[in-house]
Structures are given as C-alpha cells and as structure tokens.
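S.K.: My questions will all concern the structure given below.
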Amino acid sequence: MKALRWLEGLAVVFSLLYTILISYGHIWCWLFSGLGVLLYLYICYEKRLFAEAFLQVFYLGTTLYGFLTWGEGLQDKPSELPLSWHALFILLGLGLVYLVGRLLHRHTAAAQPYVDSFTTLFGMGATLLMIALYPSNWLYWIVIDGVSVYLYYRRRLYLTSGLFALYTLLSLNGYWQWLQ
C-alpha cells in the first residue's frame, strides 16, 4: 500500500512535468508522459480500474505518436465541428460506456465499471479531438477530468484525484486560450 502511494506521487509529478513541458513546447515532455503513463498503467490495474488501465495503453500510443511527429502540427486550428457531430459523439459514447461498463461489471472485478468506462472512452475521444486541434476537446476534458476526480477519490488515489482537480482547472484555461 505504501509503495503504491509512492508510485502514485511519482506518477503525479511526471504527469505535471509533462503538462508543464508541453505547454512550453519542450520535446522532453514526451519522456515524462511515457513515465507517468507506465506508472498509471500499473496503478490503475492494481486498483481494478481496468478501463483506465487500457486508457493508459492508448496514451502510451499517443505519447509515441506525439514524440515521433513532434513539430509537424497543423499551422492553423481547424474550424469547429458542427453541433450535430457532438450530439452523435456523445450518444455513441454513452452507448459504448454502457456496453463496456456492463462487460466489466459482469466479467471482471472492476471497482467502478461504468464511471471507469466513461472516463476511458470519452478520454480517448477527447484525445483524438485534441490531436486534431479542435477547441471543443477542452469542453470534454472539463467533464472527464471532473468525473475523474470522483473516480480516483473513490479508489483512495487522493494525489491523483487532486491532479485531476487541477487538470479540470487547466482544461478551463485551455479552452479559453484556444478560443483566442
């Protein structure tokens, strides 16, 4: 238990270093992203947050993608997606949350199968929107990060819960910055 808390603290530090370094456009951000993701992969598995553990595998892929394509980003932000696309994204997402949550509930010892599925599936979608530079990604992150505060708090990952409270505020700032 003590070792897991220590690893959690280290994962939080790596995640913050990633966030700070990427905000300044420093390539070393990807090293800290990878280290944080690997630690959270282990932590989530240990805490029976199986969908979140899968999300960490997805993040490992996006970390590699980010490192390999560093500096090749779009010059201009794309126009925003139509509201109908967001409605479809949300409806399909909620349907998948139900299906994955039900599978986790019935076939695993997942601790919070539906909340875990929500943050995972919508986190994957929001990450793809972020990679494509759609400003609305931040609106999804505000909700996802807020729900993650609850999820991690319930699993007694208090440092991570605090990290996601900070991420919620950073998402509000990110949305504001990307609108300008």
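S.K.: Count, please, the residues in the range 152-166 that happen to be surrounded by fewer than 22 Cβ atoms within 10 Å (Cβ to Cβ) and assigned to a helix (DSSP H, G or I). Please lay out each step first, then the result.
M.R.: Taking the range 152-166 as the starting set, the residues that turn out to be surrounded by fewer than 22 Cβ atoms within 10 Å (Cβ to Cβ) are 153-156, 158-159, 161-162, 165-166.
Restricting the remaining residues to those that are assigned to a helix (DSSP H, G or I) gives 153-154, 158-159, 161-162, 165-166.
Of the residues in that region, 8 qualify.
S.K.: So in the range 130-151, with the set limited to residues that are of a type in the set (Ser, Thr, Tyr) and more than 19 Å from GLN112 (Cβ to Cβ), which one is surrounded by the fewest Cβ atoms within 10 Å (Cβ to Cβ)?
M.R.: That would be SER136.
S.K.: Let me ask you something else. Looking at (1) of a type outside the set (A, V, I, L, M); (2) closer than 30 Å to ALA109 by Cα; (3) surrounded by fewer than 18 Cβ atoms within 10 Å (Cβ to Cβ); (4) modelled with pLDDT of 90 or more, which is the only condition GLY34 fails?
M.R.: Of (1) of a type outside the set (A, V, I, L, M); (2) closer than 30 Å to ALA109 by Cα; (3) surrounded by fewer than 18 Cβ atoms within 10 Å (Cβ to Cβ); (4) modelled with pLDDT of 90 or more, only one is false for GLY34: (3).
S.K.: If you don't mind, there's one more thing I want to ask. For a quick check of your reading of the model, give me the residue pairs whose first member lies in the range 151-164 and is under 13 Å from ARG48 (Cβ atoms), whose second is part of a helix (DSSP H, G or I) and among the hydroxyl-bearing types (Ser, Thr, Tyr), with beta-carbon atoms closer than 7 Å and at least 6 apart or on different chains.
M.R.: LEU151/THR119; TYR152/THR160; TYR152/SER161
S.K.: On to the next question. What's the number of the condition GLU80 fails, among (1) of a type in the set (D, E, K, R); (2) within 20 Å of GLY174 (Cα to Cα); (3) within 13 Å of the chain's Cα centre (by Cα)?
M.R.: (3)
The values are calculated or read from the model by the stated rules, or taken from the named source; none is laboratory data. Note that the coordinates shown come from a computational prediction; the quantities given were computed from them, not determined experimentally. Glycine also receives a Cβ, built like all others from the backbone with ideal geometry; neighbour counts cover every protein chain displayed.
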